[in-house]
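Here the structure is laid out as structure tokens; the discussion comes afterwards.
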Amino acid sequence: MRLLIAGEPTHANEKFVFLDTDFLSALFQDESFLSEVLELLKGSLLMIDSLTRFEFLRDVFLFEQRTIKEKFINSEIFTPTIDRHETSNAIQDNALILSKIVAHQGQKTKCQKTTPDLVDLFLAGRTMLYAGKTLIATGNKQHYPSYIFDTTAVLNYERNDSSSFSHYFLLEFNEEKFNKCSSDLKRITDKIDK
């Protein structure tokens with residue numbers, strides 16, 4: 001396996017890196033990718049949101065497989081999120097605002113490719129609370145649109161057999177872009193309300 005990096009992942013050090021389920025699954029499936037990512041993000045905390053945890057474990061039927069996945073996700077390399085009631089409410093409010101912005105942008109451009117699911121919206125809403133201190137690691141950049149999130153690095157890795165490449169992204173919430181989208185949305189809804 002070879003990890004090829006485009007961008008500046010070095011500024012990812014000492015950040016909270018929230019792992020999307022697809023990225024977490026890739027770490028679980030490929031030990032060498034896990035080792036490379038741990039080295040690359042040394043000094044950062046790899047965060048597991050409770051919804052990501054649920055999504056990672058939800059379809060596992062066999063006891064042996066579930067035990068292996070639970071042992072992996074409970075290892076000391078990951079930090080689980082712990083929320084107070086106020087934090088949960090703020091994350092939910094942020095996720096709702098983001099969903100409205102995504103819907104508005106989709107109507108505006110008439111070419112919305114994919115809609116973020118609930119887990120992605122809540123993960124994005126969480127990063128809004130800690131803007132400037134957090135990143136999202138994901139393989140599905142479309143769920144975190146560029147009109148709100150900046151790509152800080154692209155991680156490409158080639159499998160040992162050279163048969164395929166996988167692409168993952170380190171994304172950062174951009175408060176300035178969000179404020180512009182939020183203002184545009186408010187302007188539209190104010191006109192509708194009149």
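Here, each number is a calculation from the coordinates, and none is a lab measurement. Values in this document were obtained by computation on a predicted structure and should not be read as measured data. With ideal geometry, Cβ positions are generated from the backbone for all residues, glycine too; neighbour counts draw on all protein chains shown.
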Item to complete: Provide the gained length on full extension for the span GLU64 to LYS186, in nm with one decimal, where the gain is 0.36 nm per separating residue minus the Cα-Cα distance.
Response: 38.9 nm
Worksheet item: Once amide H atoms are built 1.01 Å from N in the peptide plane, which residues 5 or more positions from MET47, or in another chain, come under 5 Å H to H?
Response: VAL17, PHE18, LEU19, THR79
Item to complete: Go through LYS141/LYS180; LYS42/LYS177; LYS69/LYS100; LYS71/LYS133 and tell me which ones have a Cα-Cα distance over 26 Å in this structure.
Response: LYS42/LYS177; LYS69/LYS100; LYS71/LYS133
Practice prompt. Just order 141-147, 61-67, 30-36 by mean Cβ neighbour count inside 10 Å, highest at the front, would you?
Written response: 141-147, 30-36, 61-67
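Would you mind ranking ILE101, ILE188, ILE91 so that the residue whose beta carbon has the fewest other beta carbons within 10 Å leads the list? Can you show the working numbers first?
Values: ILE101 20, ILE188 13, ILE91 23.
Neighbour counts put them in this order, fewest first: ILE188, ILE101, ILE91.
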